[in-house]
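Just so it is clear, none of the values below were taken in a lab; they were calculated from the coordinates. Not measured: the values here are computed from a predicted model. All Cβ positions, glycine included, derive from the backbone under ideal geometry; neighbour counts span all protein chains shown.
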Amino acid sequence: MAEPYYITTAISYPNGRPHIGHAYEAIAADAIARFQRQTGRAVRFQTGTDEHGLKMVQTARDRGVEVRALADEMSSHFKAMCDALHISYDRFIRTTDADHHAASQALWQRMADAGDLYLDRYEGWYSVRDEAFYDEKELVGGEEGVRLSPQGTPVEWTAEETWFFRLSRYQQPLLDLYATNPDFIRPESRRNEVMRFVEGGLSDLSVSRTSFDWGVAVPGSPGHVMYVWVDALTNYLTGAGYPGDMPHWPADLHLIGKDIVRFHAVYWPAFLMSAGLPLPKSVFGHGFLLHRGEKMSKSLGNVVDPLDLAEAFGVDALRYFLLREVSFGSDGSYSAEAIVTRVNAELANAFGNLAQRTLSFIAKNLDGAMPEAGRAEGADGALIEEVVVACAGLKAAFGDLMLSQGVEAWLRGVFACNAYIDAQAPWSLRKTDPERMHAVLRTLVRAIRMLAIAILPVVPGSAGKVLDQLGADARNHDAIDDDGWYDRQAASGFRIAPPTPVFPRLDLPAEA
Ligand code: MSP
């Protein structure tokens, strides 16, 4: 039985359309999911929308629509975005799904049975934008003395009867968790932030609301709906089959943005400890994507629809750029110029040309027949060795969530191929030394196949086409080291058809 691997993204608020930050998270999670599948893990990958809470209620009211209609419409845009970006999710969960209500109520009951829920009056600050309660001491001053949440969002005074969760009980168990599992929160900077927060003391958490009814009903407590983060976090269990069998639980990785680490690294493990359920293995808080170094916001008018970018540049170009450009965990910036420059230099020129020139030369000059062994030289084995090392470097880095470093390792293999072509000049050997030409082309075909397999998680569509052009079916990581592939393929009589270019050069759109 393959070892399970369960990866999730945050579930997004469908109070508006998806933006490039949402796309970034989905693409990163997809690359990790595809990579883990390639290494033979039984992957389950979940994403979706977080549809309850006051923010949804208020947005619907402002737009004059029913909240369910807003959720239905916007959730469908998130799903369409995932499909357009080739996000290979197993389930797109909506927190309005019936099984999710049942799972949330089951978890609630377990926390109640543990004696961790009690009814009291909550008085304090709430940010609707963050859907978060804040202590007085956390607030910061905005313009004209207006108080804001630490995220810079408006807060309002709230007073109502609510259920409380005894979070204070879990301070020490949480600190022990962070101490014994250094990888529970990554990257390290976020881990330090969370530890400082928990060391500062934890107040009990208000976990139900009575002022609106758009949410999961609290079992046995008419008039109360769960605080949106309680049901939102539970989505990870719902998707794993809770309260039934959960072959994929605990999750291996919750991939989320840095703004919501506290919910995942403090509240979530505390809820699970209370319910007596195993804890996720790791929470990774990625950085924020900025536009030309600035935060994206409606007022700055720099919010970009990810589908427009995918349309302008291509899905794989966008995926490649985001994973290559941004050091995973840090903030990163994008602009049309940066996408065009990066993609042209590395995908179109370096890898695309390598594949296109090699395959079309074979199609044209060898009638598509796989080159023969010819006369090998030391440089051939040396190149293959460099490519093996590059692919292994990608594998090690991706296994450690160092995505941009993984792509860099891969590029070293691509550059080595280009240096080899320059040195061996196979095109000019056709007349002077066909034996040697065969050996060089054979080496290149082997290298291109390995590099295409390794980069599949990043650019699945285009790397898949290169592999199709080579008739290479096996696409797991193990296949990279299959030294016998070439000779079997040649013996099968496979012929390379004149290829169409897979990685087009991009032009800067006129309005950029
Ligand atoms: N609904 C909550 C998450 C609940 S998870 C149980 C939420 N939704 S969100 O729509 O605001 O954000 C969804 C994800 O997108 C979060 O991980 C968030 O950090 C991420 N991003 C939102 N803006 C972003 C950028 N500009 N850049 C990168 N990621 C960003 O929070």
Exercise. Return 180, 210, 59 ranked ascending by Cβ neighbour count within 10 Å, so the fewest neighbours appear first.
Key: 180, 210, 59
Quiz item: Efficiency by 1/(1 + (r/R0)^6): what FRET value for residue 335 and residue 121, r their Cβ-Cβ distance, R0 = 60 Å, to the nearest 0.05?
Solution: 0.75
Exercise. Using label points projected 7 Å from each Cα along Cα→Cβ, tell me how many nm separate residue 73 and residue 302, to one decimal.
Key: 2.8
Exercise. Please give the contour-minus-distance gain from residue 482 to residue 66: 0.36 nm per residue of separation, less the Cα-Cα distance, rounded to one decimal in nm.
Key: 144.1 nm
Quiz item: How do 3, 193, 25 rank when sorted from fewest to most other Cβ atoms within 10 Å of their own Cβ?
Solution: 3, 193, 25
Exercise. Using per-residue counts of other Cβ atoms within 10 Å, averaged over each peptide, order 133-142, 272-281 from highest down.
Key: 272-281, 133-142
Exercise. Just name one of 418, 454, 438: the one whose Cα is farthest towards the positive end of the charge dipole of region 373-512 (beta-carbon charges, Lys/Arg +1, Asp/Glu -1).
Key: 438
Quiz item: How much FRET efficiency would the formula 1/(1 + (r/R0)^6) give for residue 427 and residue 295, where r is the Cβ-Cβ distance and R0 is 56 Å, rounded to 0.05?
Solution: 0.70
Quiz item: If you put +1 on each Lys and Arg Cβ and -1 on each Asp and Glu Cβ, how big is the dipole of region 4-287 around its Cα centre, in Debye rounded to 20?
Solution: 780
Quiz item: In what order do 261, 343, 65 fall by count of nearby beta-carbon atoms within 10 Å, going from fewest to most?
Solution: 65, 261, 343
Practice problem: Please give the FRET efficiency for residue 372 paired with residue 473, using the beta carbon to beta carbon distance and R0 = 22 Å, rounded to the nearest 0.05. | Solution: 0.50
Quiz item: Based on the Cα gyration tensor of the chain, what are the three equivalent ellipsoid semi-axes, each the root of five times an eigenvalue, rounded to whole Å and given largest first?
Solution: 50, 23, 20
Quiz item: Among 406, 265, 163, which residue has its Cα positioned farthest towards the positive end of the charge dipole of the chain, with +1 placed on the Cβ of Lys and Arg, -1 on the Cβ of Asp and Glu, and the dipole taken about the Cα centre?
Solution: 406
Quiz item: So how strong a dipole does the chain carry about its Cα centre when Lys and Arg Cβ are +1 and Asp and Glu Cβ are -1, to the nearest 20 debye?
Solution: 1100
Practice problem: Treating only the Cβ atoms of Lys and Arg (+1) and Asp and Glu (-1) as charged, compute the dipole magnitude of region 331-464 about its Cα centre; round to the nearest 20 debye. | Solution: 400
